[in-house]
Amino acid sequence: MSGLCSERVAIVTGAGRGLGRAHALALAAEGAKVVVNDLGVGLDGTGTETGPARLVADEIVARGGQAIAHGGDIATTEGAASLIRTAVETYGRLDTLVNNAGFLRDRMLVNLDEDDWDAVVRVHLKGHFLPLKHAAAHWRAETKAGRIPAARVVNTSSGAGLSGSVGQGNYSAAKAGIIGLTLVAAAEMGRYGVLVNAVAPAARTRMTEATFAETMAAPDTGFDAMAPENVSPLVVWLGSAASAGVTGRVFEAEGGRITVMEGWRPGPTADKGARWSPAEAGEAALKLLAEATAPEPVYGAQ
């Protein structure tokens, strides 16, 4: 490996399995000291088991790296503050935060319970906000002390947050919210030496194994396009000092493909210079829609 993250200290949430585990191992392979966070919940967010985080930390150490496990709930103030404190107290600094934790409770909207909505939005969106908030407070204090960091945040969105996904109203809303949070954080935190970006990955994990179950390694190359390890190189680069100048961006990553997403921006416009009547507004809207680019289809839509 190139040592791209040598001497850096990185936190990865939801790092006990899947994408988070792949990111933690990849960061460590590039020289980072890693705080491996995972609450050890089931696919639907129930139960707790500290084993997954410990296993990944032990794996990193067995490979010659440095890592420590953290089993706190990062969607609580106490858990998020403890996570940042663990990195600083254990390794003396914090350079990279990879927000990745999440789970699913898929339902069609008419069957989606309030508890299922709250639980998914809590872990994905609040679970991004609170570690980001406490990390930002640490980096602001470092800047005020004259130690401007080369800090990086990598948030985890999803194609569901970009285009929507049938049966995943709660998950899609949370992942779209993460993109908005990323843009605001990038604008607010640049003064403290912090760059903030988001990745929308597609990979085979516990959350997507049914979707990608039949997508395996190509027999001619042995390349498994849905392996979570394919996403990690971009995350590592975004989490390194080498990504200087890149902030407020959203990337899709799948297999060997990386895409810079171009989000909401003004399209066709009509300005009457006065108030429209409802009929006039409708006529203008239809004309503008005829000129506009069609939106990407919602995942799972017929």
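Condition test on VAL121, is it closer than 17 Å to VAL12 by Cβ and either among the polar types (S, T, N, Q) or at pLDDT 95 or above (or both)? So VAL121 fails the test.
Exactly one residue out of ARG85, ARG93, ARG152 is closer than 13 Å to ALA10 by Cα and either part of a loop (DSSP other than H, G, I, E, B) or of a type in the set (Phe, Trp, Tyr) (or both), and it is ARG93. Scanning region 96-121 for residues that are assigned to a helix (DSSP H, G or I) and touching a strand residue (DSSP E or B) at 6+ places or on another chain (Cβ under 7 Å) returns a single hit, ASP116.
Tell me which residues, restricted to region 71-129, are in contact with a Ser or Thr (Cβ under 6 Å, 6 or more places away or on another chain) and touching a residue at least 60 places away in the same chain (Cβ under 8 Å). Selection gives ILE74, ASN99, ASN100, ALA101. THR211 passes every criterion in (1) at pLDDT 85 or above; (2) within 14 Å of SER158 (Cβ to Cβ); (3) out of contact with any Ser or Thr (no Cβ under 9 Å at 6 or more places or on another chain) apart from (1). Do the conditions hold for VAL12, that is, is it β-branched (Val, Ile, Thr), buried (at least 22 other Cβ atoms within 10 Å of the Cβ) and at pLDDT 95 or above? Considered against the rule, which asks whether it is β-branched (Val, Ile, Thr), buried (at least 22 other Cβ atoms within 10 Å of the Cβ) and at pLDDT 95 or above, VAL12 comes out as yes.
Listed by first and then second residue, the pairs linking a residue in region 280-302 that is under 13 Å from GLY164 (Cα atoms) to a residue that is in a loop (DSSP other than H, G, I, E, B), with Cβ atoms under 7 Å apart and 6 or more places separating them unless they lie on different chains, are VAL298/GLY164; VAL298/VAL166; TYR299/GLY164; TYR299/VAL166; GLY300/VAL166; GLY300/GLY167; ALA301/VAL166. Inside region 269-283, residues that are under 38 Å from the mean Cα position of the chain (by Cα) and surrounded by 13 or more Cβ atoms within 10 Å (Cβ to Cβ) make up a count of 1. Scanning region 164-186 for residues that are part of a helix (DSSP H, G or I), touching a residue at least 12 places away in the same chain (Cβ under 8 Å) and β-branched (Val, Ile, Thr) yields ILE178, ILE179, THR182. In region 83-133, the residue that is surrounded by the fewest Cβ atoms within 10 Å (Cβ to Cβ) out of those that are among the charged types (D, E, K, R) and closer than 25 Å to VAL196 by Cβ is GLU89. Just name the residue that is surrounded by the fewest Cβ atoms within 10 Å (Cβ to Cβ) out of those in region 56-82 that are outside any helix (DSSP H, G or I) and under 20 Å from the mean Cα position of the chain (by Cα). Step by step, filter region 56-82, then rank; the result is THR76. The one condition from (1) out of contact with any helix residue (DSSP H, G or I) (no Cβ under 7 Å at 6 or more places or on another chain); (2) part of a helix (DSSP H, G or I); (3) of a type outside the set (S, T, N, Q); (4) free of Cβ contacts under 8 Å to residues at least 40 places away in the same chain that GLY161 does not meet is (1).
The values are calculated or read from the model by the stated rules, or taken from the named source; none is laboratory data. All values reported here derive from a predicted model rather than from experimental measurement. All Cβ positions, glycine included, derive from the backbone under ideal geometry; neighbour counts span all protein chains shown.
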